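The values are calculated or read from the model by the stated rules, or taken from the named source; none is laboratory data. All values reported here derive from a predicted model rather than from experimental measurement. Glycine also receives a Cβ, built like all others from the backbone with ideal geometry; neighbour counts cover every protein chain displayed. Quick note on the areas: whole protein, heavy atoms, side chains included, nothing else; ligands and nucleic acids left out. Shrake-Rupley method; radii C 1.70, N 1.55, O 1.52, S 1.80 Å.
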Amino acid sequence: MSMTASTERENTIVPVTPGRHGPRRWRRFSSYAFARPLQDVPIVMAELEPAASALPLVFRQTPSGWEVVALLSLSPATRGLFVTASGTWRGTYVPSALRAYPFVADDSGADGKATLMIDEASGLITDDPADEPFFEDAAQPSEALAQVIAFFQTRAASRQETLRAAGALAEAGLLTRWTPSHGMSEADASGYWSVDQAALGAVPQNELAKLWQAGALRLAQSQLV
């Protein structure tokens, strides 16, 4: 998953493998401080309504297709607004992409399958026997790691649904470049798109049915909230 942050952090995110992490352990995160540098975070259909009720949603084009992201800040000066000084989450909804840190998923492949990754700069990879093992004997994922994998597999399936719905909006010509909100510059808003309400209102009835079946109307409604 692609979250807009610093390149330095991206360089510390590597695939989880028995060869690299076999004898090591990992600790569950207790602070959302890792989310402070993020400008946005991807959202999937399974969490669409609760995310839309708590965070502004926009569209962004990626090599995998059109995705939906929740904005966590409007400019570099406002990064970290959703994280308190003590590391707790200030918002009413935590995007699913943030819930499994230090793990993330690289789901940018054409097949839609997610590769489990981990942020090695998180400080949550340890050798403490009290923490969770990555793997059991014969390089099998531990029970805890298997739960993380299942979480991301479920999320990856919902992401594919999201890409199809957002792609349908784009194909129908219903996305327009996002107008910067108050406090944003043109550069801050660059790359973001929103639903064109006028164009949506002019869609013929027979085309609306197709958009509904693709989940695109549900997506449009949530983005316009």
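Here is how the numbers come out for the structure above:
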{"read-out": "Tail beyond 27 Å, pair distance distribution of the chain (Cα, percent)", "value": "37"}
{"read-out": "Cα gyration tensor category, rounded, prolate or oblate, for the range 108-213 with a/c compared to 1.5", "value": "oblate"}
{"read-out": "Cα gyration tensor, the range 6-115 - rounded (a/c under 1.5), prolate or oblate", "value": "oblate"}
{"read-out": "Residue-level accessible surface for THR62, protein heavy atoms, 1.4 Å, Å²", "value": "30"}
{"read-out": "Span-like helix ranges in the chain, DSSP H, alpha carbon extent 30 angstrom or more, Kyte mean at least 0.0", "value": "143-171"}
{"read-out": "Structure-based [θ]222 nm, the chain - -39500 (n - 2.57) summed over DSSP H runs of at least 4, per residue, nearest 500", "value": "-8500 deg cm²/dmol"}
{"read-out": "Rounded to the nearest 10 Å², the accessible area of LYS210 at probe 1.4 Å", "value": "120"}
{"read-out": "Solvent-accessible area of MET184 with every protein chain in place, 1.4 Å probe, in Å² to the nearest 10", "value": "20"}
{"read-out": "Separation of the SER142 and SER86 label points, Cα + 7 Å toward Cβ, nm", "value": "2.8"}
{"read-out": "Magnitude of the charge dipole, the chain, Cβ model with Lys/Arg +1 and Asp/Glu -1, debye to 20", "value": "380"}
